[in-house]
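*Asks:* Right, I'll just put the structure down here and ask away after.
The values are calculated or read from the model by the stated rules, or taken from the named source; none is laboratory data. All values derive from a computational prediction rather than experimental measurement. Reconstructed Cβ throughout: ideal geometry from the backbone, glycine too, with neighbour counts over all protein chains shown. Each accessible area value is taken on the protein alone, full model and side chains, heavy atoms only, with ligands, DNA and RNA left out. Shrake-Rupley method; radii C 1.70, N 1.55, O 1.52, S 1.80 Å.
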Amino acid sequence: MNETRAIFGLSAAHVVTDIYSPVIAAILPLLIVQNNYSYFMAGLIVTVWNLTSSFTQPVFGWLYDARGKAVPVKVTILICAVFISAIGLVQSYWVILLFAVCAALGHALFHPAALGLVSRLAHGPARGRLTSFFVVGGNIGFAVGPIIAGGLVALYGLHGLALMVIPAVLMAFVLHRILPSEQEVAAIPQPPRMVGGDVADQRRMVRAAGILVSGSAFRAWAIFGSVAFLPTFLHQVKGLDIVSANLLVSCMLFAGVLGQVIVGTLSDTYGRKELVLFFTALSIPFFLLFMATSGMLSFVFLIAFGFALWSTFSTTVTMAHELVPGNVGLVSGLMLGLAVGAGGAGVAVSGFYADMTSLAASMQLFVLPVLVALVLFFLVPYPWRRSVSAQRKDI
């Protein structure tokens, strides 16, 4: 069994799966114009997708842990792709809502199953680096999804969305060829337990995972809030045109993707908790300097902010797997589903505050959820690198 090849295959599958995540939002302008939807009706489609995908992932993760197996990863990709692609072929609003729910269920089924498999395969000393490869796949897919959907719709109209099923079909074939059998996966030892080892420690493990998920939710609030309002802020306050503003936000996100690989790799050597705390803390002055400066220097600080804050995501996923190795499906659903969904809900709070004060004032307050995340990450009872090294020497 080639475990590294399988992980890279799953990473590519994550790219493909998350291509479909932003498609509905990308085609909303056409749905509004062609089908005469109100903004509420259009927004409800996106809300249905987000809620279904985010809050069913922990459920599917729990079922994955309880049963020891899940819907095959290749099948989950096809479910998501088929229903997203079919949205362009129907006009009934209720059918579109139904397709959005079905696609979101496929998306939700994918993450606990795929990440649980990655957790079993990435059991060596490069665990952090290999996990980061999988996690950043979703970031890349989310970034390129609107480009693909927009290009197809521009060329062929909404019916062109049907062509988006092709990447999923090809990816399903690749996964069929490279993924290990259930027997091979079962023979792989689980990752080391970093907190506790007997039944009496279950509460401590749950508490540790809960603190980590909560910190991740506040971090997601800062990330998604900045992504949501940065284009408008850059246009109205920093004086950029809309195209340049969106391009700069994309550069910030790609810097975060690169950061996840770098920090994930470094965490194997220098400690996961240490690096998560360092880069989370580092993101705060970078953001404040972005807000306080102007011109090219300001944009450099923005890229540095995206790199520092987003770079910790894959490492915290690895920490979650090591904290609760017997429930990687559930904790994967919590980290990639519930935490992200809850963080996204915080964006509405920031928007409400911007309506009450100003966009600039609301942007300044993104430091607060980062600070809360930093405190929670510090409180996670995950061992420091020094204590792990000392424990290994004793053994």
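*Asks:* Provide, in order from the shortest bin, the percent of all Cα-Cα pairs of segment 100-141 in each 10 Å bin, continuing until the bin that contains the maximum pair distance.
*Replies:* The percentages, shortest bin first, are 26, 47, 21, 5.
*Asks:* If you build the Cα gyration tensor of the chain and take the root of 5 times each eigenvalue, what three semi-axes come out, in whole angstrom, biggest first? Display every interim value, and only then the final one.
*Replies:* Numbers: eigenvalues 211, 159, 64 Å².
Result for the chain: semi-axes of 32, 28, 18 Å.
*Asks:* So, one more: Past the 28 angstrom mark, what percentage of all C-alpha to C-alpha distances in segment 1-150 do you count? Let's see the in-between values first.
*Replies:* Details: 2540 of 11175 pairs.
Cα-Cα pairs in segment 1-150 separated by more than 28 Å: 23 percent.
*Asks:* Of the chain, which part is the longest with no trypsin sites (Lys or Arg not before Pro) in a loop (DSSP not H, G, I, E, B) and with at most 16 other C-beta atoms within 10 angstrom?
*Replies:* Values: sites that count: K69, R193.
Longest run free of exposed loop sites: 194-395.
*Asks:* Same structure again: Hey, any idea what % of segment 307-352's accessible area is carbon plus sulfur with a 1.4 Å probe?
*Replies:* Working: 790 of 970 Å².
Of the solvent-accessible surface of segment 307-352, carbon and sulfur hold 82 percent.
*Asks:* Still on this model: Suppose a student asked you for the relative contact order of the chain, using Cα pairs under 8 Å spaced at least 6 residues apart; what percent would you report? Please list the in-between numbers first.
*Replies:* Values: 642 pairs, mean separation 103.7, N = 395.
Rounded, it is 26 percent for the chain.
*Asks:* Let me ask you something else. Output needed for segment 8-57: three equivalent-ellipsoid semi-axes, defined as square roots of 5 times the C-alpha gyration tensor eigenvalues, in descending order, whole Å. Walk me through the numbers before you get to the answer.
*Replies:* Working: eigenvalues 139, 39, 4 Å².
So the three semi-axes of segment 8-57 are 26, 14, 5 Å.
*Asks:* Let me ask another. Under a 1.4 Å probe, what is the accessible area of segment 1-79 per residue, stated in Å²? Spell out each step's value before the answer.
*Replies:* Working: 3680 Å² over 79 residues.
Per-residue accessible area for segment 1-79 comes out at 47 Å².
*Asks:* A further question on this structure: Evaluate the distance, in nm, between pseudo-label points positioned 7 Å from the Cα of V174 and of L98 along their respective Cα→Cβ axes.
*Replies:* 3.3 nm
*Asks:* log₁₀ I(q)/I(0) of segment 272-319 at q = 0.29 Å⁻¹, via Debye over equal Cα point scatterers, no solvent, to two decimals?
*Replies:* -0.94
*Asks:* Can you give the charge dipole size of the chain about its Cα centre, rounded to the nearest 20 debye, using +1 on the beta carbon of Lys and Arg and -1 on the beta carbon of Asp and Glu? Working shown, then result.
*Replies:* Working: 20 positive and 13 negative charges, 145 e Å.
Using only the charged Cβ atoms, the result is roughly 700 debye.
*Asks:* Continuing with this model, one more query. Give me the one-decimal Kirkwood hydrodynamic radius in Å for segment 238-304, with the sum taken over alpha-carbon pairs.
*Replies:* One over the average 1/r among Cα pairs gives 13.1 Å for segment 238-304.
*Asks:* May I ask for the equivalent-ellipsoid semi-axes of segment 270-395, computed as the square root of five times each C-alpha gyration tensor eigenvalue and listed largest first in whole Å? List each step's numbers first, then the result.
*Replies:* On the way: eigenvalues 199, 74, 24 Å².
After scaling each eigenvalue by five and taking roots: 32, 19, 11 Å.
*Asks:* Give me the 1.4 Å probe accessible area per residue for segment 254-395, excluding ligands and nucleic acids, in Å².
*Replies:* Computed with neighbouring chains in place, this is 41 Å² per residue.
*Asks:* Select from G239, L336, V263 the residue farthest towards the positive end of the dipole of the chain; place +1 on Cβ of Lys and Arg, -1 on Cβ of Asp and Glu, and compute about the Cα centre.
*Replies:* Highest projection toward the positive end goes to V263.
*Asks:* Okay, moving on. Treating only the Cβ atoms of Lys and Arg (+1) and Asp and Glu (-1) as charged, compute the dipole magnitude of segment 236-395 about its Cα centre; round to the nearest 20 debye.
*Replies:* Details: 7 positive and 6 negative charges, 81 e Å.
Value, rounded to 20: 400 debye.
*Asks:* Something else now. Please compute the per residue accessible area over segment 89-159 with all protein chains in place, 1.4 Å probe, rounded to a whole number of Å².
*Replies:* On the way: 2620 Å² over 71 residues.
Per residue, segment 89-159 has an accessible area of 37 Å².
*Asks:* Then there is this: How many nm is it between the label spots at L368 and H159, if each spot is 7 Å from the Cα in line with the beta carbon?
*Replies:* 5.1 nm
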